[in-house]
Amino acid sequence: MKNPIKRPPPLKDTHQLRNSYPKGHVLFHERDERDCAYIIEKGEVEISVQKDGKRIPLVRLSEGEVFGETALLGPGPRSATAIVTEDCEVFRISPHALHDRIMHLDPLVGLLMSLLINRYRQWRYVPPDAAAAMNALPQARENLKQVDRADDFLRALNKQREVALKELRMAQEITQAIEQDQFSPHLQPIVSLPDQKLVGFEALIRWHHPEKGMIPPMEFIPVAERTNVVWHLDMLMLRRACRVVQEIQKAAGDIGRKLYVSVNLSGVHFDSEEFATQIDSIVKESHVDPAQIVLEITESALMGNPTVAEKVLTDLKKQGLTIALDDFGTGYSSLSYLHRFSIDILKIDRAFVQDIHRNSKSLDVVRAIVSLAKTFNLSIVAEGVESRNEIYSLAGLGCNNGQGYFFSKPLPIDEVPGFIKESIAKHG
Ligand code: C2E
Ligand code: CA
Ligand code: CA
């Protein structure tokens, strides 16, 4: 039986391998079968052609320059010879590596790249004058289909086309949906363990699509992030969260002043220093106490541009806001990040909580996170608590807060006042 597991490409193909070559080494000869492109890291390479038995130099290339790139377009003979003229180091880029990278690009960029490469390849197979080219194009396309690597590119292109179109449509729909007020938060209670006293809510975005019904965030947030619409969604959620804080106060009186609402922020905001100013103006406009707003970010938000992220977080803290590190344990979970950035709360990812009784490693992870939190004087929220046993274990380990279906699923806003009243009556 055929092995259903797709084998990874050979290790040598997964990287742009770097090699050193001495002066005089021939990297490839004219008419050799082409297999890869090269980027010069150090040294010098001469490109030349043979004419009437003589070598005619065309160009000398040095650091940072690329040669042999037609190999990335498909098989065929080299049109020139490449000889090392000064000891050099070069990176080798295979068509396979390029193809893999195109597939991991932003879908629109990937589509355009694949299209341009493919178009260039087609035109190389056809005569230069326009009319003849038009006639020759169908044959050229046919020829290309015969070539294995060509098919690889066509497959990449078709896949990218599908994804890019889907994303473009969705980005357009998200923009319209913002204008038509189709987004609103659902609120999931966060409680203290083990007494189950309410401490706050997490605001989770919901898209009420007029035809498709409720669309979960994981289906549109990644698209919104790639197209930058997420800025508008997150600011909209922050405004709503501020309004919820006011409604909570109406429903819960004095106790309401101690409850917080936490908002998820996409990592893409953290490379702009203006971000903190924008948050500040929204919170000030709403006249809520910033101490009642928590901003949830993930570690990856801090990784892109740590210097700017540090400045943004420091500014947000000066405004009196609280910062939570979401999905802790799944990313880098680096000690140096906890040390460097102003964090107040660690949210332990659901994966560890739900495995706490099945997998001793998850238990160890939770224990380690709790001990980290103690060292750095941080509060903890365990996510995805679904059973009483989990509460006992988490509380026993020293997790002070939790959220999850055991306490409540995320609630529509109009159910929040009722939940608060019931919770106060039951748990104080
Ligand atoms: P998250 O921030 O980790 O949110 C927790 C997710 O776990 C929510 O999914 C919540 O409904 C779900 N959950 C809570 N308790 C339980 C439980 O006991 N069991 C299980 N199985 N699931 C539980 P949701 O609402 O689908 O949100 C998914 C993700 O979307 C969020 O993960 C967050 O990363 C993102 N997201 C949600 N709202 C926003 C937003 O306003 N802005 C941004 N940028 N991202 C958002
Ligand atoms: Ca969250
Ligand atoms: Ca989370």
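State yes or no: is A301 among the small types (G, A, S), more than 16 Å from ligand 3 (Cβ to nearest atom), in contact with a Phe, Trp or Tyr (Cβ under 7 Å, 6 or more places away or on another chain) and at pLDDT below 95?
Taking the combined requirement at face value, the residue does not satisfy it.
Which residue pairs have Cβ atoms closer than 7 Å, lie 6 or more positions apart in sequence or on different chains, and pair a first residue in the stretch 333-362 that is at pLDDT below 90 with a second residue that is more than 13 Å from ligand 1 (Cβ to nearest atom) and in a loop (DSSP other than H, G, I, E, B)?
Pairs that qualify, where the first residue is at pLDDT below 90 and the partner is more than 13 Å from ligand 1 (Cβ to nearest atom) and in a loop (DSSP other than H, G, I, E, B), are L338/F376.
If R240 satisfies all but one of (1) in contact with a Pro (Cβ under 7 Å, 6 or more places away or on another chain); (2) under 18 Å from E179 (Cα atoms); (3) at pLDDT below 95, what's the number of the condition it fails?
Condition (3) is where R240 drops out.
Which pairs turn up if I take residues in the stretch 111-123 that are over 22 Å from K166 (Cα atoms) and in the same structural domain as H99 (by TED's automatic domain parsing) and look for partners that are of a type outside the set (S, T, Y) and open to solvent by 90 Å² or more (accessible area, probe 1.4 Å) with beta carbon separation below 8 Å, at least 6 apart in sequence or on another chain?
Q122/R141
Please verify whether the stretch 344-359 includes one or more residues that are within 16 Å of ligand 1 (Cβ to nearest atom), of a type in the set (G, A, S) and either crowded, with 20+ Cβ neighbours inside 10 Å or not in a strand (DSSP E or B) (or both).
yes
Can V263 be described as within 16 Å of ligand 2 (Cβ to nearest atom) and crowded, with 18+ Cβ neighbours inside 10 Å?
Yes; evaluated as a whole, the condition is true for this residue.
Looking at E225 and the list (1) touching a residue at least 12 places away in the same chain (Cβ under 8 Å); (2) of a type in the set (D, E, K, R); (3) away from ligand 2 (no atom under 16 Å from the Cβ), which single condition is not satisfied?
(3)
Go through the stretch 400-413 and give me each residue that's over 16 Å from A241 (Cβ atoms) and either open to solvent by less than 40 Å² (accessible area, probe 1.4 Å) or not hydrophobic (A, V, I, L, M, F, W, C) (or both).
Result: N400, N401, G402, G404, Y405, F407, S408, K409.
Specify the residue that is modelled with the highest pLDDT; the eligible residues are those in the stretch 273-298 that are open to solvent by 30 Å² or more (accessible area, probe 1.4 Å), part of a loop (DSSP other than H, G, I, E, B) and not acidic (D, E).
Once the filter is applied, the top-ranked residue is H287.
In the list A140, A164, which residue meets the criterion of being open to solvent by less than 80 Å² (accessible area, probe 1.4 Å), at pLDDT 80 or above and in a helix (DSSP H, G or I)?
A164
Kindly indicate which of I248, I255, I221, I174 is open to solvent by less than 80 Å² (accessible area, probe 1.4 Å), part of a helix (DSSP H, G or I), in contact with a strand residue (DSSP E or B) (Cβ under 9 Å, 6 or more places away or on another chain) and not assigned by TED's automatic domain parsing to the domain that holds I380.
I174
The values are calculated or read from the model by the stated rules, or taken from the named source; none is laboratory data. Quantities reported herein were computed from a predicted structural model and do not represent experimental measurements. Note that we place each Cβ from the backbone using ideal geometry, even for glycine, and neighbour counts take in every protein chain shown. Ligands, DNA and RNA are excluded from the accessible area calculation, which covers all protein heavy atoms including side chains. Shrake-Rupley method; radii C 1.70, N 1.55, O 1.52, S 1.80 Å.
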